[in-house]
Each structure stands twice: as C-alpha cells, then as structure tokens.
Amino acid sequence: MSVVRIEHVYKDYQLGEQTVQALHDITWSIDAGVFLAISGPSGSGKTTLLNLIGCIDKPTRGKIFINEDDVSEKSANELADLRARSIGFVFQTFNLLPVLSAAENVEYPLLRRADISPDERKARVNYFLDIVGLGKFANHRPNQLSGGQRQRVAIARALAIKPSIVLADEPTANLDKATGREILSLMKQINRRLKTTFIFSTHDQKVIDRADRLVQMEDGYITAFGVRNETDKSWNLARVRTLPESENE
Ligand code: ADP
Ligand code: MG
C-alpha cells in the first residue's frame, strides 16, 4: 500500500510581484515501510515537498493522499488532527522546547491527543526515550544535551504518537559526521524494527547511501527515482526527466 501518493502537484510561492515555482508536476507514490532519501541541491524543493507531505502546507495544484486519504480538501483543523495521529517531524535544528526536559519534549505532542491517557503518555515517553538510548537523560533540558542527543530526543518525540510516517528535513545537517552517521543508523534501526516509513532530505552523499529508496530533485522537478541494490549497495537509478532547456543553461 502507498503511505503517500502525490498526483500532479505544483507549488508556487508568491514573493511580492514574483511567483516562485518551487515544485512542478510532481507525481509519485511511496510504499509503506521504506527508508527513503530526497536528495538535491539547496533550493531544489526538498523542504517544500516535505511540508506538503507533512500537511504543513497545501499544494497550489494537484492532490496528495496520506494512507489513501485525500488531504487536498481538508480544513486546517482536520489537517492538524491528521498530523497529530499520523506524522512525526524531525528538523535540522532539532526544534526542542528549551524550557522542557527531554521527557516533557517527547510528551508534548501527546498532550493534544485526548485518546491517550496520562499513564499511556508516561509509558510511551519512557519507551521511546529508551529506544533512542536516552533513558538516563529524561530530566535533562536541551541545553544540557549534545547535538546528537538533542536529535535523539526529537526522534523520540516524532515516534511518540506512533506515526505511520516520520519526515526528517536534513536531520544530520547540524551534526558532525560521526554523530550524523549514528543518527542515521538509529533511524534505520527504528525503521526496520517498528516498520515506520522514514522520508528524509539531505544533500550529503554518505547520508543518501544509507537509504534504500531515493528521489533526486532539481529546480522543483523530480529527476530520478532510485532503488538500492541490497547485494552490492549500488543505486539503480531511473531518470524520469531532463530539465527544460532554459533551466539547464
Ligand atoms: P530546499 O529545501 O531543497 O533547499 P526549498 O523547498 O526550501 O528547497 O525551496 C524551493 C524554492 O522555493 C527555492 O527557490 C526557494 O527560494 C523557494 N521558497 C521556499 N520557501 C519559500 C517561501 N516561503 N516564499 C517564497 N519562496 C520560497
Ligand atoms: Mg530545505
């Protein structure tokens, strides 16, 4: 089953008089359970695409389905509800609340879920802090944690709602290389163990090579889809388009 299906999606931004075409005619579907990288240079549309998949923003044209549910026509309230149940977010700059402890940060997205009891909330906080290896740091504030530990808290927070999808926008960009590798390994372990779909953006080839599916973007177009060969780890790339002449110059 497709966890995300995108049909002829366009996204324009209005900057004063100017229209910026950030995404052009994106059609794509993502299988449940994949560990998928969106790669492309800065400005190619990675964040825009993740924001649309995450229902943080709406396409200018086209349709997006999350778990086969058409989100294009939903109200802001319905989208907030869908995000609170189905989508976990991890950001480049961690985005933890500085006045809350690690445990309280993980608990935070659960507070708007009336269906989850206080006991269940506590149980999930402990479970997911353990999964990311921070059981002993539950009471630490973000400024008492390293960058890698902060990103682990952010991953636990994303997982606490038991989402079907975790979206991570350049999750390793603010980490040193070794820590970035650890975070990728952790995400992959979780992907394998909990079957959570991970979609992350990056422009780091080392990070791309940890994925098992790949989408390459350039100037708002998808230019290739990749599947990694599990035996020799090479990428099997299917190019889907070349850029229009004017954009190649
Ligand atoms: P990436 O994440 O790959 O760096 P983005 O999705 O952030 O790319 O940006 C894609 C294009 O859309 C860029 O040209 C960028 O300048 C433009 N863009 C992104 N967000 C906005 C915005 N809020 N208003 C206007 N233009 C934007
Ligand atoms: Mg970006």
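The values are calculated or read from the model by the stated rules, or taken from the named source; none is laboratory data. Keep in mind the model is a prediction, meaning the values are calculated, not measured. Reconstructed Cβ throughout: ideal geometry from the backbone, glycine too, with neighbour counts over all protein chains shown. Note: accessible area is taken over every heavy atom of the protein model, side chains too, but ligands, DNA and RNA are not part of it. Shrake-Rupley method; radii C 1.70, N 1.55, O 1.52, S 1.80 Å.
Structural remarks
- Principal axis extents of the Cα atoms in region 100-189, from largest to smallest and rounded to whole angstrom, are 39, 29, 18.
- A Cα-only calculation for region 2-145 places Rg and Dmax at 17.9, 53 Å.
- Where only alpha carbons of region 33-105 are counted, the Rg and the Dmax (Å): 14.4, 41
- Region 2-248 - percent of accessible surface contributed by carbon and sulfur, probe 1.4 Å: 47
- Taking amide H as placed 1.01 Å from N in the peptide plane, T223 has its amide H under 5 Å from the amide H of Q216, M217, E218, each at least 5 places away in sequence or on another chain.
- Kirkwood hydrodynamic radius over Cα pairs of region 120-249, then Stokes diffusion coefficient at 20 °C and 1.002 mPa s, in µm²/s: 130
- The C-alpha atoms of the chain define a longest principal axis, and helix 147-160 lies at about 90 degrees to it.
- Over the chain, relative contact order from alpha-carbon pairs under 8 Å, at least 6 apart, %: 25
- Among L82, L159, L23, the largest mean-square fluctuation in a Gaussian network model of the chain (Cα springs under 10 Å) belongs to L82.
- Think of the chain as having a plus end and a minus end, set by charges on the Cβ of Lys, Arg, Asp and Glu; of L97, I64, Q18, L97 sits farthest toward the positive end of this dipole.
- The GluC sites (Glu not before Pro) of region 172-230 meeting both criteria, a DSSP state outside H, G, I, E and B (loop) and at most 10 other C-beta atoms within 10 angstrom of the site's C-beta, are E230.
- Nearest-ten-degree value, helix 177-194 long axis tilted from longest Cα axis of the chain: 80
- Estimated from helices alone, the mean residue ellipticity of the chain at 222 nm is -9500 deg cm²/dmol (sum of -39500 (n - 2.57) over DSSP H runs with n ≥ 4, per residue).
- Cross-link table K206/K233; K11/K46; K188/K233; K122/K177; K58/K122, entries beyond 22 Å C-alpha to C-alpha: K122/K177; K58/K122
- Here K74 is the anchor, and the aspartates and glutamates within straight C-alpha reach of less than 19 Å, apart from those fewer than 8 places off in the same chain, are E7, D57.
- Quarter the surface of the alpha carbon convex hull of the chain and you get the mean projected area, 14.9 square nanometres.
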